[in-house]
Amino acid sequence: MEENTTLEELQKLPFWEKGEILVSSGPAGEGNMNLVLRVKTANRSVILKQSKPYVRKYPQIAAPINRIKIEKAYYSLVETNPVLKSFSPKVLSYYSESHLLILEDLGLGSDFSFLYSGKNTLDQQTLKALAEYLNALHGLQIEGFPDNSAMKILNHEHIFNFPFELENGFDLNSIQPALQEISLIYKRDIELKEALKKLGARYLTNGNTLLQGDFYPGSWLKVDDGLKIIDPEFGFLGDKEFDLGVLFAHFELGQQPESLKKKFLIEYQHPYSSTLLDQYQGVEILRRLLGIAQLPVALTLDQKKHLLEKGRELVLAQ
Ligand SMILES: Nc1ncnc2c1ncn2[C@@H]1O[C@H](COP(=O)(O)OP(=O)(O)OP(=O)(O)O)[C@@H](O)[C@H]1O
Ligand SMILES: [Mg+2]
């Protein structure tokens with residue numbers, strides 16, 4: 001399946017009911033990793049998500065094809081919990097051999113990337129909903145979850161390694177003039193890199209808590225029916241502080257008021273280590289400013305300098 005796969009071809013999928021005629025198909029929204037199509041028939045609309053052995057938008061970059069299996073396992077697990085179910089698309093079908101997941105269409109919506117403009121504060125209702133989601137997710141009793149180490153290794157590279165490599169070939173001046181020079185401070189920081197090595201090794205081990213694994217504004221979808229959480233392809237069993245740290249890092253990148261974190265933590269019900277939360281938060285800040293997975297942030301060079309320092313301090317928190 002490709003973006004331009006014809007309706008005739010899509011019609012051949014065994015999924016459709018008898019006599020169900022496809023009317024249209026097109027990209028479901030913004031996304032880089034996978035093929036995600038919205039397919040409409042006369043009386044319904046569904047989402048087709050297919051993983052490839054590479055990043056769909058950058059076919060020269062290999063990516064674990066099993067990520068769709070993780071997504072399927074994640075959605076099937078969260079369906080057993082009424083709270084999580086209300087935040088998630090239903091799984092309609094799954095074809096493991098063609099790496100194809102068919103999901104309920106949650107409707108047209110927008111993600112929360114607008115937060116990076118720094119001009120909007122996340123509303124209280126969404127903040128509470130995010131806490132409600134993580135409360136339920138991190139409280140799940142998990143019997144088993146498929147191994148997601150291939151995706152973790154990929155993520156590990158782009159969180160803990162690549163952004164801090166002296167000669168990684170990624171010219172940060174193409175993102176913002178003089179950022180490359182600033183990045184060298186962190187790329188040459190032995191103490192920071194030692195701490196990151198430890199934290200990275202920890203990220204790679206297995207834990208008992210099911211994590212969304214990529215809990216940032218791009219995975220939150222606002223639709224008519226409220227807030228939805230999608231795209232759990234980086235899900236794994238690990239430290240709950242990872243989801244929390246990523247969340248808080250994106251509050252920083254979106255220039256959210258510090259009070260948001262406090263408000264979130266009042267709602268969050270599980271015990272956690274604030275040191276570990278700080279560390280994951282720190283590395284997520286650093287890697288989003290220095291690594292390849294850039295965001296549409298509205299930060300001046302001085303603001304980035306300040307945030308990079310903050311990220312470093314958080315990683316080195318004791
Ligand atoms: N179940 C759904 N209902 C409605 N819209 C959806 C659904 N799933 C995905 N979308 C839309 O398609 C977009 C891409 O989906 P998704 O984030 O799952 O793809 P991806 O390829 O994994 O993206 P990324 O490159 O960010 O990892 C979403 O941002 C959203 O707009
Ligand atoms: Mg994705």
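The values are calculated or read from the model by the stated rules, or taken from the named source; none is laboratory data. Note that this is a predicted model, so its numbers are computed, not measured. Quick reminder, even Gly has a Cβ in these numbers, built from the backbone with ideal geometry, and neighbours come from all protein chains shown. Heads up: the accessible areas ignore ligands, DNA and RNA and are worked out on the full protein's heavy atoms, side chains in. Shrake-Rupley method; radii C 1.70, N 1.55, O 1.52, S 1.80 Å.
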* Inter-label distance, nm, simple model (7 Å from Cα along the C-beta direction), S96/E309 -> 5.3
* Please give the contour-minus-distance gain from E258 to Q318: 0.36 nm per residue of separation, less the Cα-Cα distance, rounded to one decimal in nm. => 19.6 nm
* Structure fact -> The set of residues whose placed amide H lies less than 5 Å from the amide H of L100, leaving out same-chain residues fewer than 5 positions away, is Y95
* Residues of type aspartates and glutamates that K57 reaches as a straight line, Cα spacing below 17 Å, ignoring anything fewer than 8 places off in the same chain -> E2, E3, E30, D231, E233
* **Residues in the stretch 199-241 that a label on S110 would reach, taking backbone N under 12 Å of a point 7 Å out along Cα→Cβ** => 222-223
* To do: Using the Kirkwood radius over Cα pairs, work out the Stokes-Einstein diffusion coefficient for the stretch 36-84 at 37 °C and 0.692 mPa s, in µm²/s as a whole number.
  => 254
* Structure fact -> For the chain, the dipole about the Cα centre with charges only on Cβ (Lys and Arg +1, Asp and Glu -1), to the nearest 20 debye, works out at 100
* Structure fact -> Amide H neighbours of L35 at under 5 Å, excluding residues fewer than 5 places away on the same chain, with H built from the backbone geometry, are Q50, K52
* Full-stretch length increase - E20, E165 - with 0.36 nm per residue and alpha-carbon distance subtracted -> 46.9 nm
* **Accessible carbon and sulfur surface of the chain relative to its total accessible area, %, 1.4 Å** => 51
* Asked: Rounded, prolate or oblate: which fits the stretch 194-318 when a ≥ b ≥ c are the square roots of the eigenvalues of the alpha-carbon gyration tensor, with rounded for a/c under 1.5 and prolate only if a/b beats b/c?
  -> rounded
* Structure fact -> Karplus-derived 3J(HN,Hα) from phi for the stretch 89-105 (6.51 cos²θ - 1.76 cosθ + 1.60, θ = phi - 60°), whole Hz, x at Gly and Pro, runs x, 6, 7, 9, 6, 8, 10, 4, 5, 9, 6, 10, 10, 10, 10, 4, 7
* Structure fact -> Here the tail fraction of P(r) beyond 32 Å, over all Cα-Cα pairs of the chain, rounds in percent to 28
* Structure fact -> With +1 on the Cβ of every Lys and Arg and -1 on the Cβ of every Asp and Glu, the dipole magnitude of the stretch 1-104 about its Cα centre, in debye rounded to the nearest 20, is 220
* **18 Å Cα-Cα threshold exceeded, pairs from K52/K72; K128/K310; K85/K263; K119/K240; K52/K90; K193/K310** => K128/K310; K85/K263; K119/K240; K52/K90
